Each structure stands twice: as structure tokens, then as C-alpha cells.
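Colleague: Once you've had a glance at the structure underneath, I'll fire off some questions.
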Amino acid sequence: MTATTTATPPETLFGRMLDLDSHLQAPPAVLGETLGEQFAEIGRMFDAHLTAAGHQPEADSGPLPPTVENVWNVKGSRAPGAHDPAERLATLDVMGVDRQLIFPMVLACIAAWGPEEQNLTAMRRYNDYVGEWAAVDRRRLRPSGVLNTGDPAVATGEAKRAIDRGVPAFT
């Protein structure tokens, strides 16, 4: 007895797919507004490091408009829809993705997970930012907030506060 497999044609999945591993990628200018100027400076230093290594600095060029060619290949803050929610929705449309789980950029996690009060402030600011960011379409844009788990009471309180602001998941 032989088993037969019937493949689902890709076009039948268009507009029905879920993306479970995406990231919000803000350039340094937005980091300052979101996490605080000290973190924008870290972003600028990262861009300087990339430039010294021969890469185009992400801070000097905004995200690309979504096209069939670049939505699958361009990464970082230059990626289509990297940090603008309306552009992210347009990018999802080009990709045929219905909804997306969106993780924070590593810098947001580093900023939020330290032991100082500035880290707790960065955590709250980032969670407020992604809650507002996803308000454009909460059904399709599902951002993950960040939690500093150094103090369980602080983490629990922040989780409740962020959920009330529309943040459905945490890193």
C-alpha cells in the first residue's frame, strides 16, 4: 500500500498565513523617543560599528516600501514595515500574511532587563510604545512586550498594566 500526499497550492494560503517570528526594528532616532536618549546613543554606536565594517548604516536610510522582492530579503530597520505600523500592514499584505507575532528588538530587551531604575523605565516605555503601535490593527499586529523579572511583583504588575494597554504577549 502506498501513501499519497496532496500538497496544498501556495496561492490557497495567501492571506491566511500567520507569521510567528518577526521583530520590531526601530532606528536610533525612534529609540530615543521610545526608550530614552541613552539607548538612542547605543543605537548610533551600533550603526557606527556597522559602517566601520563596511555596511550601510541603518540610521541614514529609512525603511524600503514593500515589494514582492524585498519583503523576504531585507532585514533590520531598513526592512519594509520595520517600525511603522501602517507600513507593516502593507508589508503583511504583500507577503500574504494575515497576522503577525512581533518580538522586540534585542536592544529593547537589553534596556529593560537590567537592575537599575532606568531599566524599569525602559521596560514601561517600550510596553507603552508597542501597545500604541499595535492600536492601528490589534487583530493583525500582535506585539510582544518586555518584562524585567528581577522582582516578580514588578513583573506581574507590569504585565497587568501592559495587557490593559493592548500588549498580548511578553518576552
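Colleague: Using Cα springs under 10 Å in a Gaussian network model of the chain, which residue among ALA108, ALA79, ALA90 shows the largest mean-square fluctuation?
Modeller: ALA90
Colleague: If you build the Cα gyration tensor of the chain and take the root of 5 times each eigenvalue, what three semi-axes come out, in whole angstrom, biggest first?
Modeller: Ellipsoid semi-axes (Å, largest first): 30, 23, 14.
Colleague: Okay, next question. Once both axes come from the Cα atoms, what is the angle between helix 152-164 and the longest principal axis of the chain, in degrees from 0 to 90, rounded to 10?
Modeller: 60
Colleague: Quote the relative contact order of region 126-171 in percent (integer), defining contacts as alpha-carbon pairs under 8 Å separated by 6+ residues.
Modeller: 49
Colleague: Quick one: angle between helix 117-133 and the longest Cα principal axis of the chain, in degrees between 0 and 90, rounded to 10, please.
Modeller: 40
Colleague: Give the angle, between 0 and 90 degrees and rounded to the nearest 10, that separates the Cα long axis of helix 37-52 from the longest principal axis of the Cα atoms of the chain.
Modeller: Around 60 degrees separate the two axes.
Colleague: Also, quick follow-up: Just how many % of Cα pairs in region 52-131 lie over 16 Å apart, if you round to the nearest whole percent?
Modeller: In whole percent, the share of Cα-Cα pairs in region 52-131 beyond 16 Å is 60.
Colleague: Still on this structure, I have one more. Taking loop as defined by DSSP and a crowding limit of 12 other beta carbons within 10 Å, which GluC sites (Glu not before Pro) in region 73-171 fit?
Modeller: GLU116
Colleague: Measuring from a point 7 Å past the Cα of LEU18 along Cα-to-C-beta, which residues in region 96-121 have an amide N at less than 13 Å?
Modeller: 98-102, by backbone N distance to the label point.
Colleague: Moving on. Where in region 107-160 are there trypsin sites (Lys or Arg not before Pro) that are in a DSSP coil and have at most 15 other Cβ atoms within 10 angstrom of their Cβ?
Modeller: ARG138, ARG139
Colleague: What is the dipole size for the chain, taken about its Cα centre, with +1 at each Lys and Arg Cβ and -1 at each Asp and Glu Cβ, in debye to the nearest 20?
Modeller: Computed charge dipole of the chain: roughly 500 debye.
Colleague: Once amide H atoms are placed 1.01 Å from N in the peptide plane, what residues at a sequence separation of 5 or more from SER22, or on another chain, have their amide H within under 5 Å of its amide H?
Modeller: Close amide H contacts, sequence-distant or interchain: LEU101, PHE103.
Colleague: Which value, in Å², gives the accessible area per residue of the chain when a 1.4 Å probe is used on the protein heavy atoms?
Modeller: It amounts to 56 Å² per residue over the chain.
Colleague: Another question, then. Hey, with R₀ at 45 Å, roughly what FRET efficiency would VAL154 and VAL68 work out to, going by the Cβ-Cβ distance, to 0.05?
Modeller: My answer for the efficiency is 0.50.
Colleague: Then there is this: Which whole-number percent is the relative contact order of the chain (Cα, under 8 Å, 6+ apart)?
Modeller: 22
Colleague: Here is a follow-up. Could you give the nm distance between label points at GLU33 and GLU11, where each point is 7 Å from its Cα heading toward the beta carbon?
Modeller: 4.1
The values are calculated or read from the model by the stated rules, or taken from the named source; none is laboratory data. For clarity, every value in this text was computed on a predicted model and none was experimentally measured. Every residue, glycine as well, gets a Cβ built from its backbone with ideal geometry; the counts of neighbours run over all protein chains shown. Accessible surface is based on the protein model in full, side chains and every heavy atom, while ligands, DNA and RNA are left aside. Shrake-Rupley method; radii C 1.70, N 1.55, O 1.52, S 1.80 Å.
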